[in-house]
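Engineer: For reference, the structure I am asking about is given below.
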Amino acid sequence: MLISVYVPFVVAAVLAVLTPRLAHALPPRRAAWALACAALVTAIGWAGALALLAFTGVAQIPEVAEEGRWSVAALQAEDPVYLVVAGGSALMLAVSVVSLGVAVVGQVRLIVRARRECARLPEGTELVVVDDDVPMAFALPGSPGRIVVSRGMLRSLSDGEREALLAHERAHLRCRHHLFQILWRLTAALNPLLRPLAVAGGFVLERWADEEAAQRVGDRKIVAHAVGRAALASAGTSFPAALAATGGAVPQRVRALLAPPPPRRSLPLVAGGLLLAACCASLANAASDSDQMVDSAQCAAYAATASAPSAGEHRHGPDFCFGEHDRRELQEHRP
């Protein structure tokens, strides 16, 4: 446990550094799924490692040790984790859980706001054109989702660019990109090291929609022009609960669209998979070590109790460490 419990922290830090490169090296669809898996695994590893470290401190509290029937001295001898580390882990875990709760409330509010906006729009049509001179275009997730475009945005684009813009927004709804966003925001709230991953994930979703639009339209340059013009026209306008074609790093998206489609690469996925496997294996090993540590401390506590016979009682033979069931039966039949 001494080393394995810290591996999830190292994996999260490595992914935070490598995520921006991964977002550009892989095709956007594969990158989005890879980042979603990485965020979920490392967030669980982060919380699990903090919980194991915090337990080593909580377990040394005399009242807790008495309730758990284990020896504090044996526990301290088995686990070399300092109380300062255990206490800091407990505090960090509490902050992470509170941050996750706040993020969950915020995401629920955004979903409710998006559904309210959808309910205000005319029914029976996916595309809603708003009579507004302010250029804006975004997709509202819902059942069904809606695409909202202003007349100001439509006037700023050519016919081909309008088709590309609508194809981009439809890709957001069809691929359910808002679920990826929710996952990344919640995992980043739980594990602050994953914030760069959440930012890169937003860029990957826009690139994914760009590539989908390019396949539908059949011309990457038209999509690039549509993204660039829409971003320039709608500068300063945003809607938190929506997915818009003007999101992300627009210059990088335009350059990617003007270049050939990104090649399929397996090496980054394999390397990332090995990192996540190491995170899972180390957490499982740390949990197993922690369980064995508690068993040893319980055996030590029982041995100490059995080695102190009451008045008039004599012990013969060696001490043995019994299981919990055997120990209870022995105590019930002991005079």
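The values are calculated or read from the model by the stated rules, or taken from the named source; none is laboratory data. Remember, predicted model here, so these are calculated numbers, not experimental data. Note: ideal-geometry Cβ built from the backbone for every residue, glycine included; neighbour counts use all protein chains shown. Side chains included, ligands, DNA and RNA excluded: accessible areas come from the protein's heavy atoms. Shrake-Rupley method; radii C 1.70, N 1.55, O 1.52, S 1.80 Å.
Engineer: Could you list, in sequence order, the residues of the stretch 260-280 that are touching a residue at least 12 places away in the same chain (Cβ under 8 Å) and either under 20 Å from the mean Cα position of the chain (by Cα) or closer than 13 Å to SER4 by Cα (or both)?
Structural biologist: Within the stretch 260-280, PRO268, LEU269, GLY272, LEU275, LEU276, ALA278, CYS279, CYS280 meet the criteria.
Engineer: Moving on to the next point. Which residues, taken from the stretch 236-268, are modelled with pLDDT of 85 or more, assigned to a loop (DSSP other than H, G, I, E, B) and open to solvent by less than 70 Å² (accessible area, probe 1.4 Å)?
Structural biologist: ALA259
Engineer: Name the pairs whose Cβ atoms lie under 7 Å apart, with the first residue in the stretch 11-25 and over 16 Å from PHE203 (Cβ atoms), the second of a type in the set (Gly, Ala, Ser) and surrounded by fewer than 19 Cβ atoms within 10 Å (Cβ to Cβ), and 6 or more positions between them or separate chains?
Structural biologist: VAL11/ALA278
Engineer: Let me ask another. From the set of residues in the stretch 155-171 that are of a type in the set (Asp, Glu) and closer than 19 Å to VAL134 by Cβ, which is surrounded by the most Cβ atoms within 10 Å (Cβ to Cβ)?
Structural biologist: Ranking the candidates gives GLU169 first.
Engineer: Restricting the search to the stretch 128-149, which residues are surrounded by 13 or more Cβ atoms within 10 Å (Cβ to Cβ) and out of contact with any Ser or Thr (no Cβ under 9 Å at 6 or more places or on another chain)?
Structural biologist: Within the stretch 128-149, VAL128, ALA139, LEU140, PRO141, GLY142, GLY145, ILE147, VAL148, VAL149 qualify.
Engineer: What helices (runs of 4 or more DSSP H) lie completely within the stretch 20-128 and have 3 or more residues being modelled with pLDDT under 75?
Structural biologist: Per the criteria, 62-68, 72-78.
Engineer: On to the next question. Kindly evaluate ALA281 against the criterion of being hydrophobic (A, V, I, L, M, F, W, C), touching a Phe, Trp or Tyr at 6+ places or on another chain (Cβ under 6 Å) and modelled with pLDDT of 70 or more. Explain how you work it out, then say what you get.
Structural biologist: Numbers: hydrophobic (A, V, I, L, M, F, W, C): yes; touching a Phe, Trp or Tyr at 6+ places or on another chain (Cβ under 6 Å): no; modelled with pLDDT of 70 or more: yes.
So ALA281 fails the test.
Engineer: Something else now. Look at the stretch 172-222 and say how many of its residues are surrounded by fewer than 20 Cβ atoms within 10 Å (Cβ to Cβ) and among the basic types (Lys, Arg).
Structural biologist: Of the residues in that region, 5 qualify.
Engineer: Which residue out of ALA171, ALA213, ALA209, ALA189 is touching a helix residue (DSSP H, G or I) at 6+ places or on another chain (Cβ under 9 Å) and over 25 Å from GLN107 (Cα atoms)?
Structural biologist: Values: ALA171 fails: over 25 Å from GLN107 (Cα atoms); ALA209 fails: over 25 Å from GLN107 (Cα atoms); ALA189 fails: over 25 Å from GLN107 (Cα atoms).
The match here is ALA213.
Engineer: Something else: When GLY152 is evaluated against the numbered criteria (1) part of a helix (DSSP H, G or I); (2) surrounded by 16 or more Cβ atoms within 10 Å (Cβ to Cβ); (3) out of contact with any Pro (no Cβ under 9 Å at 6 or more places or on another chain), which criterion, by number, is the only one it fails?
Structural biologist: (3)
Engineer: Could you please give the count of residues in the stretch 16-40 that are buried (at least 23 other Cβ atoms within 10 Å of the Cβ) and under 12 Å from the mean Cα position of the chain (by Cα)?
Structural biologist: 3
Engineer: Identify the residue in the stretch 284-298 that is open to solvent by 40 Å² or more (accessible area, probe 1.4 Å) and not charged (D, E, K, R) and, among all such residues, is farthest from ALA31 (Cα to Cα).
Structural biologist: SER296
Engineer: Got at least one residue in the stretch 215-234 being polar (S, T, N, Q), modelled with pLDDT of 90 or more and over 24 Å from the mean Cα position of the chain (by Cα)?
Structural biologist: For the stretch 215-234, residues polar (S, T, N, Q), modelled with pLDDT of 90 or more and over 24 Å from the mean Cα position of the chain (by Cα): present.
Engineer: Moving to a separate point now. How about the stretch 90-112: which of its residues are out of contact with any Phe, Trp or Tyr (no Cβ under 9 Å at 6 or more places or on another chain), surrounded by 15 or more Cβ atoms within 10 Å (Cβ to Cβ) and not aliphatic (A, V, I, L, M)?
Structural biologist: Answer for the stretch 90-112, where residues must be out of contact with any Phe, Trp or Tyr (no Cβ under 9 Å at 6 or more places or on another chain), surrounded by 15 or more Cβ atoms within 10 Å (Cβ to Cβ) and not aliphatic (A, V, I, L, M): SER99, GLN107.
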